[in-house]
């Protein structure tokens, strides 16, 4: 398989069934071929993507969230940090806020929540720098990540904002990876994305998309 996430293609791979990768359709009619993981999902690793792909995805994210009127971006670690600062800049913001896994000496326990994701096995803690609270207070905050899959990372982001007395205007991601997150997600909170991928089952001839 060629180096993934480096460019867009004008033609999709044939399927279903699909081979090693899935052609995710982009808003401009092109395709981003994503590797299909053994757990049956199409993967995107933003830190390994090319600059043209990242900037194109960020541009589409900015267009999609414009109606939400966000005044501040809070990025979730780690891969959400690829998109969050670029998106904040596209939206005309002077800066952004980064939640993180590392606790600095001046951090406070009250601004921390447990976090687990589909791609990790260990539970970590998500932290918010208390010095960033003035940036967030009274603002329309947009939560930003790379992907939503099970929703556990995004739910941790909601819990962290709640600990700070805040509720976001929505969640923006580059990719919606299946709908496993939807049942537990607050119905009134919009989730905005550039594209969506299904789950897959390994069957005759390759990978078959599962019904959403």
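Could you state the angle between the C-alpha long axis of helix 51-65 and the longest principal axis of the C-alpha atoms of the chain, as a value from 0 to 90 degrees rounded to the nearest 10?
60 degrees
Would you please put 189-200, 18-29, 3-14 in order of how densely packed they are, using the mean number of other Cβ atoms within 10 angstrom per residue and starting with the highest?
Per-residue mean Cβ counts within 10 Å order the peptides as 189-200, 18-29, 3-14.
Taking each pair of distinct Cα atoms in the chain once, what is the resulting Kirkwood hydrodynamic radius in Å?
Evaluated on the chain, it is 17.8 Å.
Suppose we keep just the DSSP beta bridges with both residues in the range 46-197; what percent of those would be antiparallel, to 5?
Close to 20 percent.
Mind ordering 78-89, 38-49 by average Cβ neighbours within 10 Å, highest first?
Sorting 78-89, 38-49 by mean packing, highest first, produces 78-89, 38-49.
Mind checking the angle between helix 80-90 and the chain's longest principal axis? C-alpha axes, 0 to 90 degrees, to the nearest 10.
70 degrees
Given N residues in the range 18-72, what is its alpha carbon radius of gyration divided by 2.2 N^0.38 Å?
Taking the Cα Rg and dividing by 2.2 N^0.38 Å, one obtains 1.35.
Consider a paramagnetic label point 7 Å from the Cα of residue 211 along Cα→Cβ; state which residues of the range 12-43 have an amide N under 17 Å from it.
From the range 12-43, the list is empty.
For residue 163 and residue 48, what is the calculated FRET efficiency with R₀ set at 30 Å and r taken between the beta-carbons, to the nearest 0.05?
For residue 163 and residue 48, the calculated efficiency is 0.40.
Please say if the range 103-182 is rounded, prolate or oblate, where rounded means a/c under 1.5 for a ≥ b ≥ c the square roots of the C-alpha gyration tensor eigenvalues, and otherwise the choice is prolate for a/b larger than b/c and oblate otherwise?
Here the range 103-182 falls in the oblate category.
For the chain, what does -39500 (n - 2.57) per DSSP helix run (n ≥ 4), summed and divided by total residues, give at 222 nm, in deg cm²/dmol to the nearest 500?
Here the helix-only value at 222 nm equals -6000 deg cm²/dmol.
Give me the extension gain from residue 2 to residue 71: residue separation times 0.36 nm, minus the current Cα-Cα distance, reported in nm with one decimal.
Extending this stretch completely gives an extra 20.9 nm.
How would you rank 164-176, 145-157, highest first, on the average number of other Cβ atoms within 10 Å across their residues?
145-157, 164-176
When only C-alpha pairs under 8 Å and at least 6 residues apart count, what is the relative contact order of the chain, in percent?
After rounding, I find 22 percent.
Quick check on the range 1-127: take the gyration tensor over C-alpha atoms, sort the square-rooted eigenvalues as a ≥ b ≥ c, and tell me if it's rounded (a/c under 1.5), prolate or oblate.
Judged from the Cα gyration tensor, the range 1-127 comes out oblate (a/c at least 1.5, b/c at or above a/b).
Since every read-out is calculated from the coordinates, none of them should be taken as a lab result. Every value quoted in this text rests on a predicted model; they were computed, and no experiment measured them. Note that each Cβ is placed from the backbone with ideal geometry, even for glycine, and that neighbours are counted across all protein chains shown.
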